[in-house]
Amino acid sequence: MDRYVLHMDLDQFIAAVEVLRRPELRGRPVVVGGDGDPTKRGVVSTASYEARTFGIRSGMPLRTAARRCPDAVFLAVDLNAYLAASREVMDTLRTFPAVVEAAGWDEAFMEVESDDPERLARDIQRAILERTQLWCSIGIGDNKLRAKLASAAAKPAGVFRLTRGNWGELMGPQTTDALWGIGKKTARKLEALGIRTVDELAAADEARLARAFGPKIGPWLRDLATGEDRTPVSVEPYVPKGRGRERTFQQDIADPEEVRAEVAKLAREIVDDLREERRAAVRIVVKVRFAPFDTHTHGVPLARATIDPDHIEQGALRALAKFELDRPVRLLGVRAEMTPLE
């Protein structure tokens, strides 16, 4: 039997959980975000496939989603319900002979040995459906990168295989933002260098990429384009790299002093999360969303790992000082990047 990596990705997870709780919503456009009131400021957490046909996407303002689809059903976020459903799914995966690595609420990697990975993937889909009534898509790869990309190609509710053997044929002609890890901004920067496709990136000169993106990121981008990935599937529990708090204001904040006060408050709220997880902050990142929807981030390292609220607040204010607070602010966020507490 051969070794494979599977990537299980639940389809429209949050929306699907809500539809299970409210069967009368099946087939209707459903949008989950904020407290479920699209007249208030907030963003879309997820949208059902029916809502996505109207161009509604995660991260979009709820008001924009309501304009695009006035007949959509808007629901409040219910974290506990999603966590409970996620636990059921992960427990189901662990009934199979595999190394299972949870990668978030709605996705996981599985390292398996099989002579028929498609049949195994269908067995996994069926087991999840029978236990939770949730559908998933499963990508089959010979490493984590290819499995992750394969699951995207499998949606919805499908199974797809992407390995070294068909990588060039399937991925080579695609634009670079088809790769896991390359977003629109990086793709535009690559295109400015004359690199538009995955094939072109795989053949790019590493030294040139290093000059444009840095000595680590440049070569890493080229590695992505080859599809090679040596990251192991690990049974270690998923540990977030950071914790953050955000606040959307129903009325824009124009006073810089008020902005600073809100950032200080958010920074101190993070301390509770750090203490609960027994982890310390090593870097603080502040996010500012200016009106109407222009978002920027700045971060600063801390002198040492700490859970001291004064030091974390001071770090957040130093990060905030990198912004020009010359426009009204609609959202503020503070995030702590963490390390285990000694």
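The values are calculated or read from the model by the stated rules, or taken from the named source; none is laboratory data. All values derive from a computational prediction rather than experimental measurement. Virtual Cβ from ideal backbone geometry, glycine too; neighbours counted across all protein chains shown.
If only residues of the range 178-190 that are part of a helix (DSSP H, G or I) and closer than 18 Å to ASP229 by Cβ are counted, the one that is farthest from the chain's Cα centre (by Cα) is THR186. Against the conditions (1) under 20 Å from the mean Cα position of the chain (by Cα); (2) surrounded by fewer than 20 Cβ atoms within 10 Å (Cβ to Cβ); (3) not in a loop (DSSP other than H, G, I, E, B), GLU113 satisfies every one except (1).
Within the range 191-221, the set of residues being outside any loop (DSSP other than H, G, I, E, B) and β-branched (Val, Ile, Thr) comprises THR197, VAL198, ILE217. Residues of the range 81-107 that are in a loop (DSSP other than H, G, I, E, B) and either closer than 25 Å to ALA47 by Cα or outside the structural domain of ILE138 (by TED's automatic domain parsing) (or both): ALA103, GLY104, TRP105, ASP106. Close contacts from the range 195-216, counting a first residue that is more than 21 Å from GLY172 (Cα to Cα) and a second that is of a type in the set (A, V, I, L, M, F, W, C) and not in a helix (DSSP H, G or I), with Cβ to Cβ under 7 Å and a gap of 6+ residues or different chains, come to ALA212/LEU193. One residue stands out among those in the range 1-35 that are part of a loop (DSSP other than H, G, I, E, B) and surrounded by 20 or more Cβ atoms within 10 Å (Cβ to Cβ): the one that is modelled with the lowest pLDDT, which is GLY34. Out of the residues in the range 221-250 that are surrounded by 15 or more Cβ atoms within 10 Å (Cβ to Cβ) and of a type in the set (A, V, I, L, M, F, W, C), which is nearest to GLY104 (Cα to Cα)? This residue is VAL233. On inspection, LEU201 does not qualify as within 30 Å of MET110 (Cα to Cα), modelled with pLDDT of 95 or more and within 21 Å of the chain's Cα centre (by Cα). A single entry from ARG230, ARG283 fulfils the requirement of being under 28 Å from MET60 (Cα atoms), out of contact with any Ser or Thr (no Cβ under 7 Å at 6 or more places or on another chain) and not in a helix (DSSP H, G or I): ARG283.
Any residue in the range 302-314 that is outside any strand (DSSP E or B), among the polar types (S, T, N, Q) and farther than 29 Å from ARG63 by Cβ? Yes, the range 302-314 has at least one match. Restricting attention to the range 290-342, and to residues there that are crowded, with 20+ Cβ neighbours inside 10 Å and touching a His at 6+ places or on another chain (Cβ under 9 Å), which single residue is nearest to ARG279 (Cα to Cα)? Of everything passing the filter in the range 290-342, ALA319 is nearest to ARG279 (Cα to Cα). Can you find, within the range 155-175, the residue that is surrounded by the most Cβ atoms within 10 Å (Cβ to Cβ) among those that are without any contact (Cβ under 8 Å) to a residue 40 or more places away in the chain and part of a helix (DSSP H, G or I)? Looking at the filtered set, the residue picked out is LEU170. What number of residues within the range 36-80 satisfy the criterion of being part of a loop (DSSP other than H, G, I, E, B), of a type in the set (Ser, Thr, Tyr) and crowded, with 17+ Cβ neighbours inside 10 Å? The qualifying residues number 2. Of the candidates ILE195, ILE270, the single residue that is within 29 Å of GLY141 (Cα to Cα) and surrounded by 18 or more Cβ atoms within 10 Å (Cβ to Cβ) is ILE195. The condition of being at pLDDT below 95 and among the aromatic types (Phe, Trp, Tyr) holds for only one of TRP167, TRP180, that being TRP180.
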